[in-house]
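J.: Here it is, the structure in full.
Just so you know, all these numbers are worked out from the coordinates, no wet-lab data involved. Worth saying up front: this structure is predicted, and the values here are computed from it rather than measured. Cβ coordinates were reconstructed from backbone atoms using ideal geometry, including for glycine residues, and neighbour counts include every protein chain displayed.
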Amino acid sequence: MKVLLAEDDKVQSRLLERHLTGRGLEVRVAFDADSALRAAEKDPPDVILLDLQMPGGTGLGFLKKRNASSRLRGVPVIVITGMEDQLVIRMAEQQGVESVFHKPVDLMLLDVSMESVRARTAARPATRPAP
Amino acid sequence: MASQDRSASLPLPLATPAGPADSAPVLDPKIMLASVEQDLSLLRELAELFFAECPGLLSQIRNGVRESNPEAVERNAHTLKGALSNFGALAACNAARELEIRGREARFDGAPELLSSLEREVNRACNALSMFLQEASREGSAR
């Protein structure tokens, strides 16, 4: 399963990258929202782990662009955030996210969420919408 | 998927009070070791990343406070808070959080004092993290 990890905090991103690759997942890392969107458009992942607050555009902006993109609309997004603003988190949830994790991320719960995505990915046809 | 628990053999000396002004611990080894699933080599790698990133983030916050730039203060304090949270550096996390809120609300009254407090707590956290890793290395090589 291909994972795009969009996280500007290098400590957090390395931690998650190491954990997920250890689970046999293929992980790409983007350190800002713009490059995350470009990477996702170029090669749509099976799931996106998204920090809500990054340089180069907010996570909410990323979610809106994902929803507007025929290539990315169906890609599940798991939010990882250090934000305490419940309104922003609710707005993210309204954009359609798989789950929301607060930092520091509980890796066992993240595994459960990833496993749920993996099961759905395995069950669906391998085709994606044309660009 | 449960991780192997090696914490019983690791040193846990750092859950000490930060001082009278802040009762949050400098580092919480339980949080820190849980973050890395008890993997000390990963903890060392993350600590090196943190030591490399931290001066730049503090510098951006300092500039943001000096120039009354709320976005710079909020964004960089937020990133620093996230990095600190991986090590259970709760006192420094709290100080970063205070500045993040000031940035979000674009309020700069008392910000220099909060910045001083953040720098002090980050220094303490870095020193405590270094000591923890040195102690862990000594424990490892003595075994």
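J.: For B:SER68 and B:ASN123, what does the FRET efficiency come to when R0 = 30 Å and r is the distance between their Cβ atoms, rounded to the nearest 0.05?
T.: Given R0 = 30 Å and the Cβ-Cβ separation, E is 0.75.
J.: Based on alpha-carbon centroids, what's the gap between region A:53-130 and region B:82-135 in Å, whole number please?
T.: With region A:53-130 and region B:82-135 each reduced to a Cα centre, they are spaced 28 Å.
J.: Same structure, new question: About the Cα centre of chain A, what is the dipole size in debye to 20, counting +1 per Lys and Arg Cβ and -1 per Asp and Glu Cβ, all else neutral?
T.: The calculated dipole for chain A is roughly 580 debye.
J.: In whole percent, what relative contact order does region A:2-123 give with Cα contacts below 8 Å and a gap of six or more residues?
T.: For region A:2-123, the relative contact order is 22 percent.
J.: From a point 7 Å beyond the Cα of A:LYS42 in the direction of its Cβ, which residues of region A:64-81 have a backbone N at a distance under 18 Å?
T.: Under cut-off, by backbone N: A:66, A:71-72.
J.: Quote the relative contact order of region B:34-95 in percent (integer), defining contacts as alpha-carbon pairs under 8 Å separated by 6+ residues.
T.: Reported relative contact order: 25 percent.
J.: Okay, next question. Nothing charged except the Cβ atoms of Lys and Arg (+1) and of Asp and Glu (-1): what's the magnitude of the dipole of region B:23-142 about its Cα centre? Round to the nearest 20 debye.
T.: My answer is approximately 180 debye.
J.: In deg cm²/dmol, rounded to 500, what helix-only [θ] at 222 nm does the protein assembly as shown give when every DSSP H run of at least 4 residues adds -39500 (n - 2.57) and the total is split over its residues?
T.: Taking each H run of at least 4 residues, the total per residue is -19000 deg cm²/dmol.
J.: To make sure I understand, if each residue's beta carbon is the centre and we count other beta carbons within 10 Å, what order do A:VAL88, A:VAL27, A:VAL11 fall in, fewest to most?
T.: Ascending Cβ contact count within 10 Å gives the list A:VAL88, A:VAL27, A:VAL11.
J.: OK, next. When only DSSP loop residues count, what GluC sites (Glu not before Pro) in region A:1-106 have their Cβ near at most 16 other Cβ atoms within 10 Å?
T.: In loop regions of region A:1-106 (DSSP not H, G, I, E or B), the sparsely surrounded GluC sites (Glu not before Pro) are A:GLU84.
J.: Where in region A:1-84 are there trypsin sites (Lys or Arg not before Pro) that are in a DSSP coil and have at most 13 other Cβ atoms within 10 angstrom of their Cβ?
T.: Passing sites in region A:1-84 are A:ARG73.
J.: About its Cα centre, what dipole magnitude does the protein assembly as shown give when the only charges are +1 on Lys and Arg Cβ and -1 on Asp and Glu Cβ, stated in debye to the nearest 20?
T.: 800 debye
J.: For a quick check: sort A:MET83, A:MET1 by the number of other beta carbons within 10 angstrom, fewest at the front.
T.: The most exposed by this proxy come first: A:MET1, A:MET83.
J.: 5 Å is the cut-off here: which amide hydrogens, built 1.01 Å from N in the peptide plane, fall below it relative to A:VAL77, excluding neighbours closer than 5 in sequence?
T.: Those lying under 5 Å, H to H, from A:VAL77 are A:ILE48, A:GLU98.
J.: Contact order normalised by length for region B:23-142, with contacts defined as Cα pairs under 8 Å and 6 or more residues apart; what percent is it?
T.: Relative contact order, region B:23-142: 30 percent.
J.: Shifting gears a bit: Taking the beta-carbon count within 10 Å as an exposure proxy, list A:ILE78, A:ILE48, B:ILE101 from fewest neighbours to most.
T.: B:ILE101, A:ILE78, A:ILE48
J.: I'd like the Kirkwood hydrodynamic radius of region A:1-110, using the inverse of the mean 1/r over distinct C-alpha pairs, in Å.
T.: About 13.6 Å, per the Kirkwood formula over Cα pairs.
J.: Considering only DSSP states other than H, G, I, E and B, which GluC sites (Glu not before Pro) in region B:56-95 qualify as loop sites with at most 11 other Cβ atoms within 10 Å?
T.: Of the GluC sites (Glu not before Pro), the ones in loops of region B:56-95 whose Cβ has at most 11 other Cβ atoms within 10 Å are B:GLU67.
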